[in-house]
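Encoded as structure tokens, the structure appears first; notes follow it.
The values are calculated or read from the model by the stated rules, or taken from the named source; none is laboratory data. Quantities reported herein were computed from a predicted structural model and do not represent experimental measurements. A quick note on method: Cβ atoms are made from the backbone with ideal geometry, for glycine too, and the neighbour counts reach across all protein chains shown.
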Amino acid sequence: MTSEPLYTQAVTGTGNDLKTHAFTHVELIWVEGRIEYWIRFGRVAKEQILDRHRRIVSFAPGSVFALVRWRSNDYGTILSRIDVLRAVNPNEPHQTLPFVRPGGESLLRLTGWPKVQQVLQATDTIDTIGINPADVAQDYWRHVHNRIAASQTPRVYTIARHTAWIKRQRAGQ
């Protein structure tokens with residue numbers, strides 16, 4: 001075994017070793033007022049603290065999570081972005097993103113603080129009705145992306161829509 005952290009080791013070995021490498025790893029950075037990369041929702045399977053400003057969180061394949069990235073300089077905000085991603089299985093097609101290894105299936109990707117705020121408000125609304133945003137129908141995040149990108153208001157996620165999503169999953173669709 002090498003002294004490298006688990007998330008950078010080569011994918012070799014037995015089936016049990018490979019299971020630890022099936023995770024999607026996200027590096028989070030927090031430098032107050034300068035760089036803030038954080039998870040808005042998602043079920044973290046593993047966490048590794050690198051130093052006081054950085055940590056790596058890992059998500060199991062199939063998990064849905066939201067990554068918010070914000071940066072500023074002396075003149076103000078230079079980046080505001082939110083991505084809702086589905087963690088992928090090894091060898092599954094995926095989109096690459098900075099600080100996300102190996103990448104994920106993009107369900108939503110919006111740039112600009114007003115758009116990011118709209119997604120955060122939609123997420124808060126889902127939390128309010130008692131549903132974990134990580135359990136929401138993946139199609140809903142695509143809907144939110146398309147509506148906000150077209151300067152429209154996304155439809156509200158309802159318990160009825162969530163129930164239909166659960167029934168579709170059970171039916172195998």
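In the set (1) modelled with pLDDT of 95 or more; (2) more than 30 Å from Ala149 (Cβ to Cβ); (3) not hydrophobic (A, V, I, L, M, F, W, C), the condition left unmet by Lys19 is number (1).
Take the conditions (1) under 13 Å from Thr24 (Cβ atoms); (2) surrounded by 16 or more Cβ atoms within 10 Å (Cβ to Cβ); (3) charged (D, E, K, R); Glu92 misses just one of them, which is (2). If we scan region 71-79, do we find a residue that is without any contact (Cβ under 8 Å) to a residue 40 or more places away in the chain, assigned to a strand (DSSP E or B) and touching a Gly at 6+ places or on another chain (Cβ under 8 Å)? Yes, some residue in region 71-79 is without any contact (Cβ under 8 Å) to a residue 40 or more places away in the chain, assigned to a strand (DSSP E or B) and touching a Gly at 6+ places or on another chain (Cβ under 8 Å).
So is Thr111 modelled with pLDDT under 95 and closer than 16 Å to Glu36 by Cα or not? No: the conditions fail for Thr111. The listed residues are Leu107, Leu67, Leu85, and the only one of them that is more than 21 Å from Trp165 (Cβ to Cβ) and either part of a strand (DSSP E or B) or not small (Gly, Ala, Ser) (or both) turns out to be Leu67.
Among the conditions (1) outside any helix (DSSP H, G or I); (2) surrounded by fewer than 12 Cβ atoms within 10 Å (Cβ to Cβ); (3) touching a strand residue (DSSP E or B) at 6+ places or on another chain (Cβ under 9 Å), Pro114 misses just one, which is (1). Within region 125-134, the set of residues being exposed (fewer than 14 other Cβ atoms within 10 Å of the Cβ) and either closer than 17 Å to Gly42 by Cβ or not hydrophobic (A, V, I, L, M, F, W, C) (or both) comprises Asp127, Thr128, Gly130, Asn132. Listed conditions (1) crowded, with 18+ Cβ neighbours inside 10 Å; (2) of a type in the set (D, E, K, R); (3) in contact (Cβ under 8 Å) with a residue 40 or more places away in the chain; (4) out of contact with any Pro (no Cβ under 9 Å at 6 or more places or on another chain) are all met by Arg101, apart from (1). Taking the conditions exactly as written (of a type outside the set (Ser, Thr, Tyr), out of contact with any strand residue (DSSP E or B) (no Cβ under 9 Å at 6 or more places or on another chain), assigned to a loop (DSSP other than H, G, I, E, B) and exposed (fewer than 13 other Cβ atoms within 10 Å of the Cβ)), does Gln169 satisfy them or not? Considered against the rule, which asks whether it is of a type outside the set (Ser, Thr, Tyr), out of contact with any strand residue (DSSP E or B) (no Cβ under 9 Å at 6 or more places or on another chain), assigned to a loop (DSSP other than H, G, I, E, B) and exposed (fewer than 13 other Cβ atoms within 10 Å of the Cβ), Gln169 comes out as no.
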